[in-house]
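S.K.: Take a look at the following structure, please.
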Amino acid sequence: MSHQHDHHQETDQDARIANPAIERCDLAIEGMSCASCAVRIEKRLSRQPGVATAGVNFATKVATVRYDPSVIDPSRLATAVEDLGYTAVVHSSPGKVGRPAPPHGHAGHDHASMRAPSGPSAGDAADHSAHMHAGEGEARRVLVRTIVGAALALPVLVIAMSHGRVAAFNVSWINWLQLSLTAPVVFWCGWQFFRSAWRGLVHFSANMDTLVAMGTGAAFFYSFAATVWPEFFAHASGGSTHAGSAATTVPVYYEAAAVIVVLILLGKYFEARATGRTTAAIKRLVGLQAKTARIVRGGFEQDVPVESVAVGDTVLVRPGEKIPVDGRVESGRSAVDESMLTGESIPVEKAADDSVFGATMNSTGSLRLVATKVGADTALQQIVRLVQEAQGSKAPIARLVDRISGIFVPVVIVTALATFAVWWLVWTGDERLSMALIAGVSVLIIACPCALGLATPTAVMVGTGRGAEQGILIKGGEALETAHKLTAIVLDKTGTITEGRPSVAEVAPATGFDDAELVRVAASAERHSEHPLAAAIVREAAARGVSLSEPERFEAIVGHGVEAVVDGRAVLVGNAAMLEQRGIKVTLGGRAEELAGQGRTPMFVAVDGREAGIVAVADTVRPESKGAIAAMHGMGLRVVMLTGDNRRVAEAVASSVAVDQVFAEVLPKDKAEHVRSLQSEGHVVAMVGDGINDAPALTQADVGMAIGTGTDVAMESADITLMRGDLRAVAGAIRLSRATMRTIRQNLFWAFIYNTIGIPIAAGVLYPVTGWLLSPIIASGAMAFSSVSVVLNSLRLRHARLE
């Protein structure tokens with residue numbers, strides 16, 4: 001990660017480097033009621049021996065812990081959580097920490113991958129599915145308690161609103177009726193609040209449930225005492241105790257206790273329903289997986305559960321069927337809809353040797369595949385895992401909220417007690433006990449910090465889910481937050497701005513050589529090179545029907561070219577500087593400059609110390625690159641191109657797409673230095689690349705973006721993976737980041753403003769001027785509304801425009 005990243009937020013990669021044995025596990029936490037609970041659990045887990053990092057997401061109710069298994073195991077981590085009074089369930093561990101193998105990586109596997117496959121429903125996906133169902137079950141239980149509570153609280157509220165004016169309610173036993181109706185609401189429907197508050201008290205801590213339990217408990221037990229000993233409370237409140245009237249003149253607040261519990265439960269239900277919708281992206285991804293596969297074993301076709309497919313199996317896919325696993329096309333041609341991976345709706349043509357991915361839709365033809373990745377290794381399951389990890393991560397801004405939440409509840413309790421005391425001491429009227437009680441309870445109820453705790457994680461969850469639907473995989477809240485501050489974009493040329501599949505545009509042999517011999521010698525020398533330009537020469541030789549020789553010796557000269565021995569002759573293929581360093585006279589320099597001016601890359605070939613000619617290779621600019629770079633300019637970004645290609649070619653490409661600055665002939669080891677230089681100028685920099693030589697620059701940048709069609713190493717080094725291989729996704733990722741941060745700020749603003757304004761009003765500061773004192777019932781309704789409104793605001797990101 002970048003040098004500007006918060007050192008307190010250790011990444012998976014950092015943890016792995018510090019200790020290669022570090023593993024990760026997720027704990028589903030039950031019993032959390034607000035952000036302060038999450039902070040307490042996070043602190044407890046972080047202090048356990050062997051724990052590298054720990055984070056708790058209040059919205060998902062999941063703790064993510066990276067730990068050394070030789071020091072501590074998940075069961076002890078769960079015990080540490082349970083010691084605080086919560087319940088922790090260990091999800092199956094994903095194993096050693098590290099970024100998952102990228103979806104578009106190479107198809108090769110080691111022998112470990114040949115073991116019995118774990119099905120798509122195993123591991124993280126199964127855990128997530130189980131957690132979703134558990135959340136839905138909890139929402140149903142809350143709804144049942146809410147309905148029962150509302151049915152019992154409604155007559156209590158009607159009685160309270162009559163204020164003794166209805167003759168039918170003006171009887172001595174009316175308070176006992178209210179007691180009998182309210183007790184089940186408080187102690188059955190609202191039992192969770194009291195249980196959680198008691199656990200917190202035992203562990204010398206406080207949370208949202210502490211506020212609710214204190215508020216409703218104060219109202220209920222005061223009313224209970226006034227019902228049992230009406231004479232004492234009638235005297236204290238200045239009321240009458242003559243026969244038949246004591247019950248009606250002693251103030252009770254059963255309706256406050258009952259309605260507060262019902263409203264808070266209703267708020268929790270809506271909050272749970274709304275929060276569940278923030279994981280809709282993962283639900284859709286999990287649901288995309290095919291359930292069965294048609295394979296060929298022992299010469300016979302058979303349909304088997306997709307979990308039974310092993311690496312190396314032959315899989316048949318008919319038109320209109322989902323491709324069950326990742327694989328390589330053995331035979332057949334078809335168009336495949338890969339929109340679930342890339343967000344691109346146009347089907348991709350597939351033929352022999354092309355890669356296909358599980359859960360994509362085969363459209364027109366039949367395909368015969370060899371399975372290369374199954375179960376948890378497939379692109380779909382790795383995307384699910386990436387999105388899960390991103391949704392469970394914290395943006396740096398969340399740490400501010402955590403610090404506030406950690407001290408918020410104790411401060412509120414002190415404020416409520418002070419409010420009660422001030423009203424008791426200052427108010428001289430007969431109703432001072434009632435006034436003090438109402439004000440104190442209102443402060444406790446309205447100050448619930450749920451909205452603060454939900455403000456950041458819900459926005460991150462929806463934002464990363466929205467990105468995944470559009471082929472933008474964001475690996476954490478930190479990258480999502482940093483991306484909105486970007487001021488400069490550094491683009492690699494080959495495979496990023498250009499197609500990345502160059503072809504030979506011209507062959508210019510020197511005296512004594514012909515085209516065919518020049519191509520044969522160059523292709524033979526380059527046949528084992530992974531460089532795109534080398535691949536272009538080899539393809540040209542194949543197209544010409546030229547047979548190649550096996551090089552006796554091959555060496556890549558970084559940043560210059562290759563050196564090989566072909567048929568006993570020493571061959572050099574590279575730039576003019578390489579030949580000049582070897583003392584070889586270059587006579588075709590003028591022609592090379594002409595070719596470079598046309599945007600073509602001239603590669604000099606020398607045989608036995610003599611110039612043999614030039615093979616010019618052209619890598620065409622992607623059709624969308626110019627428009628994508630214009631969009632970046634429209635966002636106020638400075639666009640820089642970095643390339644190892646020669647300056648003339650680089651400038652020709654740069655001119656065609658209108659980048660602001662170009663650095664050419666940059667060696668791989670120097671790319672990171674150019675990024676560092678921009679950072680030293682005060683820029684927040686994103687690096688976009690697709691090759692192994694981009695990895696150091698991707699790591700150095702504040703945000704590394706890997707084109708998804710690139711190499712494993714590039715994607716592993718990046719913070720954001722653009723599955724479409726399309727530069728337009730860069731602007732989309734930044735728009736998503738800006739929209740998410742805008743939503744988080746809106747959420748935090750309303751949460752802070754709500755408490756800043758609500759607490760003084762609840763305390764009664766306006767009473768001397770307006771004669772109005774906030775009812776605890778209104779306070780509970782406002783508190784519930786604040787939490788739900790924050791989640792609903794975050795859900796608007798599901799429709800954010802990224803283009």
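S.K.: Sort segment 489-645 into rounded, prolate or oblate with this rule: let a ≥ b ≥ c be the square roots of the eigenvalues of the Cα gyration tensor; rounded if a/c is under 1.5, and if a/c is not under 1.5, prolate when a/b is larger than b/c, oblate otherwise. Each step should come with its number before you reach the end.
M.R.: Working: a/c = 2.15, a/b = 1.94, b/c = 1.11.
Prolate, because a/c is 1.5 or more and a/b exceeds b/c.
S.K.: Run the reach check for residue 61 against lysines, Cα to Cα strictly under 22 Å, same-chain hits fewer than 8 apart removed. What comes back?
M.R.: Once the sequence-local lysines are set aside, what remains near residue 61 is 43, 268, 283, 394, 475.
S.K.: What does the charge add up to near residue 676, with Lys and Arg as +1, Asp and Glu as -1, over the other residues with Cβ less than 15 Å from its Cβ?
M.R.: Values: positive: 669, 671; negative: 670, 673, 681, 694, 702.
Net local charge, residue 676 excluded: -3.
S.K.: Residue 173 to residue 147: FRET efficiency via 1/(1 + (r/R0)^6), r the Cβ-Cβ distance, R0 30 Å, to the nearest 0.05?
M.R.: Numbers: r = 27 Å, r/R0 = 0.90.
Taking R0 as 30 Å, the efficiency between residue 173 and residue 147 is 0.65.
S.K.: Near residue 147, within a Cβ-to-Cβ distance under 13 Å, what is the net charge of the other residues, with Lys and Arg +1 and Asp and Glu -1? Mind showing how you got there, number by number?
M.R.: On the way: positive: 140, 141, 145; negative: none.
Surrounding charge for residue 147 is +3.
S.K.: Search the structure for amide H atoms under 5 Å from the amide H of residue 292, placed 1.01 Å from N in the peptide plane, and list their residues when 5 or more places away or on another chain.
M.R.: 306
S.K.: Based solely on C-alpha atoms, express the radius of gyration and the Dmax of segment 645-786 in angstrom.
M.R.: Radius of gyration, then largest Cα-Cα span, for segment 645-786: 25.3, 80 Å.
S.K.: A follow-up question, please. Give me a comma-separated list of calculated 3J(HN,Hα) values for segment 542-547, in order, Karplus coefficients 6.51, -1.76, 1.60 applied at θ = phi - 60°, integers in Hz, x for any Gly or Pro.
M.R.: 5, 5, 7, x, 8, 7
S.K.: Please compute the Cα-Cα pair-distance distribution of segment 285-328 with 5 Å bins starting at 0, giving whole percents from short to long.
M.R.: All Cα pairs, binned at 5 Å, distribute as 5, 23, 35, 25, 10, 2, 1 percent.
S.K.: Considering only the other residues whose Cβ falls under 9 Å of the Cβ of residue 702, what net charge follows from Lys and Arg at +1 and Asp and Glu at -1?
M.R.: Details: positive: 485; negative: 719.
Local charge sum for residue 702: 0.
S.K.: Can you tell me the length gained on complete extension of the stretch residue 769 to residue 582, counting 0.36 nm per residue apart and subtracting the Cα distance? All intermediate terms of the calculation are to be shown ahead of the outcome.
M.R.: Details: separation 187, 0.36 × 187 = 67.32 nm, distance 9.26 nm.
Length difference between fully extended and current span is 58.1 nm.
S.K.: If you take the beta carbon distance between residue 630 and residue 426 as r and set R0 to 60 Å, what does 1/(1 + (r/R0)^6) give as a FRET efficiency, to the nearest 0.05? Spell out each step's value before the answer.
M.R.: Working: r = 66 Å, r/R0 = 1.10.
Efficiency computed from Cβ-Cβ geometry: 0.35.
S.K.: Need the full-extension length gain, residue 594 to residue 803, defined as separation in residues times 0.36 nm minus the C-alpha distance. One decimal, nm. Could you put the intermediate results ahead of the total?
M.R.: Values: separation 209, 0.36 × 209 = 75.24 nm, distance 3.81 nm.
That works out to 71.4 nm of additional length.
S.K.: Counting other Cβ atoms within 10 Å, which GluC sites (Glu not before Pro) in segment 626-697 have at most 12 and lie in a DSSP loop?
M.R.: Details: sites: 651, 665, 673, 681; in loops: 665, 681.
Passing sites in segment 626-697 are 681.
S.K.: While we're here: Quick one: accessible area per residue over segment 476-561, 1.4 Å probe, rounded to a whole number of Å²? Could you put the intermediate results ahead of the total?
M.R.: Numbers: 3550 Å² over 86 residues.
Per-residue accessible area for segment 476-561 comes out at 41 Å².
S.K.: While we're looking at this one, here's another question. Calculate one ³J(HN,Hα) per residue across segment 287-297 by plugging θ = phi - 60° into the Karplus curve 6.51 cos²θ - 1.76 cosθ + 1.60, and present them in order as whole Hz with x for glycine and proline.
M.R.: Coupling constants for segment 287-297: x, 6, 4, 5, 8, 9, 9, 9, 10, 10, 9 Hz.
S.K.: How far apart, in nanometres, would the label points at residue 273 and residue 292 be if each is projected 7 angstrom from Cα along the Cα-to-Cβ direction?
M.R.: About 3.7 nm separates the two model spin labels.
S.K.: Rank by packing, highest mean first: peptides 369-381, 66-78, 545-557, 738-750, with packing defined as the count of other Cβ atoms within 10 Å averaged across residues.
M.R.: Numbers: 369-381: 24.5, 66-78: 17.3, 545-557: 13.8, 738-750: 19.5.
Packing proxy ranking, top to bottom: 369-381, 738-750, 66-78, 545-557.
S.K.: Follow-up question, since we're still on this one. Over segment 477-579, one equal point on each Cα, no solvent: what is log10 I(q)/I(0) by the Debye formula at q = 0.13, 0.14, 0.23 Å⁻¹?
M.R.: Values, matching the q order: -0.55, -0.61, -1.34.
S.K.: How many nm is it between the label spots at residue 90 and residue 553, if each spot is 7 Å from the Cα in line with the beta carbon?
M.R.: Result for the modelled spin labels: 5.6 nm.
S.K.: Within 10 Å of each candidate Cβ there may be at most 13 other Cβ atoms; applying that plus a DSSP loop requirement, which trypsin sites (Lys or Arg not before Pro) in segment 574-683 survive? It would help to have the intermediate numbers written out before the result.
M.R.: On the way: sites: 582, 585, 591, 600, 610, 626, 638, 647, 648, 669, 671, 676; in loops: 582, 585, 600.
Here the sparse-neighbourhood loop sites are 582, 585.
S.K.: Magnitude of the Cβ-charge dipole of segment 518-662, K/R +1 and D/E -1, about the Cα centre, nearest 20 debye?
M.R.: Numbers: 16 positive and 18 negative charges, 51 e Å.
That gives a dipole near 240 debye.
S.K.: Whole number in Å², please: accessible area per residue of segment 704-803, 1.4 Å probe, ligands, DNA and RNA not counted.
M.R.: Numbers: 3880 Å² over 100 residues.
That works out to 39 Å² per residue.
S.K.: Considering all projection directions equally, how large on average is the shadow of the alpha-carbon convex hull of segment 727-790, in square nanometres?
M.R.: Details: hull surface 20.4 nm².
Average of the hull's projected areas for segment 727-790 equals 5.1 nm².
S.K.: Could I ask something else about it? Suppose R0 equals 60 Å. What FRET efficiency, 1/(1 + (r/R0)^6) with r the Cβ-Cβ distance, do residue 676 and residue 364 give to the nearest 0.05? All intermediate terms of the calculation are to be shown ahead of the outcome.
M.R.: Numbers: r = 49 Å, r/R0 = 0.82.
Here the calculated transfer efficiency is 0.75.
S.K.: Another question, then. Give the lysines whose C-alpha is closer than 22 Å to that of residue 493, dropping any in the same chain fewer than 8 places away, or say none.
M.R.: Hits, sequence-local ones excluded: 626, 669, 671.
The values are calculated or read from the model by the stated rules, or taken from the named source; none is laboratory data. Source: prediction; values computed, not measured. All Cβ positions, glycine included, derive from the backbone under ideal geometry; neighbour counts span all protein chains shown. Protein only, heavy atoms only, side chains kept; ligands, DNA and RNA dropped before computing areas. Shrake-Rupley method; radii C 1.70, N 1.55, O 1.52, S 1.80 Å.
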